[in-house]
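Data first, discussion second: the structure below is written as structure tokens.
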Amino acid sequence: MILVFGSLNADFFLSVRTFPAPGETVLTPGALVKAGGKGANQAAAAAKAGGLVKMVGAVGTDEVAKVPVTALRALGVDCSGMQVSELATGMAMIMVDEHGENSIVVASGANTAVSAQAVAQTALNEDTILVMQMEVPPAENFKLLHRAKAAGVRTVLNVAPARPIPEADLKLADYLILNEIEADAVYSSLFEKTFLGVEEKAAAIAEKTGGACLITLGADGVAGAERGKMFKVSALPVKPVDTTGAGDAFVGIFAAMLDNGLDTRQAARYAAAGAGLACLKIGAQEALPTLKEIEARVEEIKIS
Ligand code: RIB
């Protein structure tokens with residue numbers, strides 16, 4: 001079972017030709033409202049790829065809550081542990097430019113109220129893969145990480161967005177998944193000297209924390225390291241329409257493939273194929289692929 005502890009948002013998408021400069025106003029025909037939040041996106045990605053998924057997070061009592069929760073339920077995600085807060089459901093304002101790049105502001109709202117206590121101890125056992133990101137209070141993540149490790153759970157921590165994490169807590173993550181900005185933040189929290197190569201950075205982080213480290217590089221694939229060995233995973237050649245949530249797709253599919261018994265490299269390979277496919281429509285969850293769709297493209301992903 002995959003247990004996702006994290007954020008849920010309603011995403012408001014605004015398509016722009018170029019991002020407005022400070023002080024500039026640009027017009028767009030209309031906004032699209034879609035399910036989002038890094039936690040919810042990861043839960044959706046894992047479920048769409050065939051995983052049995054439970055999501056624990058917090059939403060408000062408002063109508064906006066229906067946007068992320070309905071989407072998860074439609075994919076069969078167990079939302080019975082969802083907390084309800086007096087704060088507004090999380091919302092994200094997402095501008096997507098003509099190259100599919102995005103710029104995001106998140107109003108965290110109810111996500112700041114989520115508590116690790118909402119995760120029942122019975123959900124934490126050797127058959128569980130726990131997936132976390134950093135859009136909820138870090139202290140709640142760390143409490144849950146400690147409980148999870150003590151219960152023999154495999155833990156996946158996506159340090160997104162980048163926030164400081166004590167070294168002792170980083171060491172509780174069996175799999176750290178980071179983009180380049182997040183990798184720089186984690187690396188500089190652990191080391192004083194600077195490394196130039198992203199592969200060396202992944203290797204240094206993995207060696208220091210004792211787990212695997214995967215650094216996602218967009219069109220350049222993934223740089224990984226585990227148990228003293230470095231590896232590269234290529235990316236799917238796609239023309240992205242919207243890269244929002246591609247990292248989340250990677251994390252969710254990676255967890256689902258670990259749950260299917262794949263090793264780190266193979267799970268990363270499937271996740272890279274799925275993350276590429278997830279960029280083909282506007283919306284973090286709109287283009288999430290099924291396992292069959294991933295399998296149809298995974299041969300294009302090379303490991304070196
Ligand atoms: O990673 C993409 C997600 O970040 C969006 O869905 C948005 O809600 C923000 O949390």
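What follows is calculated from the coordinates using simple rules that are stated; it is not laboratory data. Note that the structure is predicted; figures quoted are calculated from it, not measured. Please note: Cβ atoms are built from the backbone with ideal geometry, for glycine as well, and neighbour counts cover all protein chains shown.
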Completion exercise
Note, GLY50: beta-carbon cut-off 13 Å, +1 each Lys/Arg, -1 each Asp/Glu, net -1
Practice task
Would you mind checking LYS208/LYS302; LYS229/LYS281; LYS34/LYS54 for any pair whose Cα atoms are more than 25 angstrom apart?
Solution key: LYS208/LYS302; LYS229/LYS281
Handout entry: Relative intensity, log₁₀ I(q)/I(0), of the stretch 76-141 from a Debye sum that treats every alpha carbon as a point, q = 0.20, 0.28, 0.30 Å⁻¹
Key = -0.96, -1.31, -1.37
Problem - When each of LYS239/LYS292; LYS149/LYS239; LYS38/LYS171 is checked by Cα-Cα distance, pairs over 28 Å - result: LYS149/LYS239
Exercise for the section: Can you spot the aspartates and glutamates whose alpha carbon is less than 15 Å from LYS48's alpha carbon? Ignore those fewer than 8 places along the same chain. Expected result: ASP78, ASP248, ASP259, GLU286, GLU293, GLU295
Completion exercise
Over the Cα atoms of the stretch 171-300 the radius of gyration and the largest Cα-Cα distance (Dmax), both in Å, equal 14.3, 44
Practice task
Mind putting a number on the dipole of the chain about its Cα centre? Charges go on the C-beta only, +1 for Lys and Arg and -1 for Asp and Glu, and I need it in Debye to the nearest 20.
Solution key: 480 debye
Exercise for the section: Can you figure out the FRET efficiency of LYS143 with LEU52, using R₀ = 22 Å and their beta-carbon distance, to the nearest 0.05? Expected result: 0.35
Handout entry: Additional length obtainable on full extension of the chain from SER80 to GLU295, 0.36 nm per residue less Cα span
Key = 74.3 nm
Handout entry: 222 nm mean residue ellipticity, helices alone, for the chain (DSSP H n ≥ 4; -39,500 (n - 2.57); rounded to 500)
Key = -9500 deg cm²/dmol
Problem - Proxy reagent accessibility, fewest Cβ within 10 Å first, across GLU182, GLU63 - result: GLU63, GLU182
Practice task
Rank-order 48-61, 259-272 by packing density, defined as the average count of other C-beta atoms within 10 Å over each peptide's residues, highest first.
Solution key: 48-61, 259-272
Completion exercise
Applying the gyration tensor rule to the Cα atoms of the stretch 60-199 (axes a ≥ b ≥ c; rounded if a/c under 1.5, else prolate if a/b exceeds b/c, else oblate), the class is oblate
Handout entry: Charge tally in the Cβ shell below 14 Å around VAL233, where Lys, Arg are +1 and Asp, Glu are -1, VAL233 excluded
Key = 0
Problem - Computed lengthening from LYS229 to LEU190, 0.36 nm per intervening residue step minus Cα-Cα distance - result: 12.1 nm
Problem - Efficiency of FRET between GLU126 and LEU27 - r from beta-carbon atoms, R0 51 angstrom, step 0.05 - result: 0.40
Fill in the blank from the handout: Here FRET efficiency (C-beta to C-beta, LYS239 to VAL105, R₀ 22 Å, nearest 0.05) is 0.25
Problem - Extension gain from ALA168 to GLU63, taking 0.36 nm per residue of separation minus the Cα-Cα distance - result: 33.9 nm
